[in-house]
1. Of the residues in the range 3-45, how many are within 15 Å of the ligand (Cβ to nearest atom) and in a helix (DSSP H, G or I)?
2. For the list (1) outside any helix (DSSP H, G or I); (2) open to solvent by 10 Å² or more (accessible area, probe 1.4 Å); (3) away from the ligand (no atom under 15 Å from the Cβ), I need the number of the one condition that Ala76 fails.
3. Restricting the first residue to the range 79-100 and requiring it to be in contact (Cβ under 8 Å) with a residue 40 or more places away in the chain, which pairs with a second residue that is of a type in the set (S, T, N, Q) and within 6 Å of the ligand (Cβ to nearest atom) meet a Cβ separation below 6 Å and a spacing of at least six or different chains?
4. Quick one: which of Arg149, Arg165, Arg156, Arg100 is modelled with pLDDT of 95 or more, loosely packed, with under 15 Cβ neighbours inside 10 Å and either of a type in the set (Lys, Arg) or within 13 Å of Val67 (Cβ to Cβ) (or both)?
5. So Leu56 clears everything in (1) more than 9 Å from the ligand (Cβ to nearest atom); (2) under 17 Å from Val115 (Cα atoms) except one condition, right? Which one?
6. Criterion first (without any contact (Cβ under 8 Å) to a residue 40 or more places away in the chain and either away from the ligand (no atom under 16 Å from the Cβ) or open to solvent by 60 Å² or more (accessible area, probe 1.4 Å) (or both)) does Pro140 satisfy it?
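The values are calculated or read from the model by the stated rules, or taken from the named source; none is laboratory data. Because the structure is predicted, anything quoted here is derived from the model rather than measured. Cβ atoms come from the backbone with ideal geometry, glycine included; neighbour counts cover every protein chain shown. Areas reflect the complete protein model, heavy atoms only, side chains present, ligands, DNA and RNA absent. Shrake-Rupley method; radii C 1.70, N 1.55, O 1.52, S 1.80 Å.
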Amino acid sequence: MIVIEKENAADAAAIESLLNIGFGEDRLSKTVYKLRQGPSVPSLSLVARTGFDAKLGASIRFWRCDVENGDEILPALVLGPLVVDPALQGKGLGRTLVARALEEADQEGWELCLVVGEASYYSPYGFVLAEPYGFELPGPVDQPRFQVRAAPDLLRSLTEEPMARKVLPWSGTASGVEESGDASCAA
Ligand SMILES: CC(C)(COP(=O)(O)OP(=O)(O)OC[C@H]1O[C@@H](n2cnc3c(N)ncnc32)[C@H](O)[C@@H]1OP(=O)(O)O)[C@@H](O)C(=O)NCCC(=O)NCCS
């Protein structure tokens, strides 16, 4: 039995342990972590629990960020980290979490989401390479892994108005999208 639900505060240690296994303890030095400051977005931070003991088997988190777009700031999400217990990989848990969380993000009205990950894994969800649209992370990134998913009208306008678009940690002031969740998840 697999249950997908929102992360709660008691999951923090188990998630940390999965992340250490999946990405190593030096993961915090990656550029994308500069965008993961403060709490993740509670309504989009999901876990998968498996078995009769409902053991935590997978986690996905999102952070808010700001994208400079000329004079305006676009509210955006950064997907990840996504991690699945090695013993449970290849059973669809990762894809289920991505699909479920993006569906929720769409319902909340998020129009822009970034990810640094394998293109073959994320392209089925509408992610395309970010570099051609001018997106720039605050540090080095492997460009073929840097992808963006945008609502069709937004993607069109990004194409029509080529410019450098810096991705910055969420300022907390840009108008964004209201979250439906109420609990705060530890980073
Ligand atoms: C990558 C990861 C999240 C996938 O989760 P999962 O539950 O095993 O994956 P699913 O069972 O949902 O999906 C399996 C599919 O993903 C593909 N896949 C698995 N790991 C992959 C990887 N690292 N890169 C690209 N594709 C991958 C499989 O080939 C399979 O493809 P298919 O659907 O075309 O057959 C998991 O392997 C993991 O936690 N890895 C360590 C941490 C990590 O690399 N996270 C991803 C960050 S982008």
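1. The number of residues fulfilling the criteria is 18.
2. Status for Ala76: all satisfied but (2).
3. As it stands, the answer is none, since no pair meets every condition given.
4. Arg156
5. Result: Leu56 passes all but (2).
6. Spelling it out, it is not the case that Pro140 is without any contact (Cβ under 8 Å) to a residue 40 or more places away in the chain and either away from the ligand (no atom under 16 Å from the Cβ) or open to solvent by 60 Å² or more (accessible area, probe 1.4 Å) (or both).
Rundown of residues vs (1) open to solvent by less than 60 Å² (accessible area, probe 1.4 Å); (2) modelled with pLDDT under 95; (3) within 7 Å of the ligand (Cβ to nearest atom), yes/no style:
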residue: Asp85; (1), (2), (3): yes, no, no
residue: Leu88; (1), (2), (3): yes, no, yes
residue: Glu104; (1), (2), (3): yes, no, no
residue: Cys113; (1), (2), (3): yes, no, no
residue: Glu118; (1), (2), (3): no, no, yes
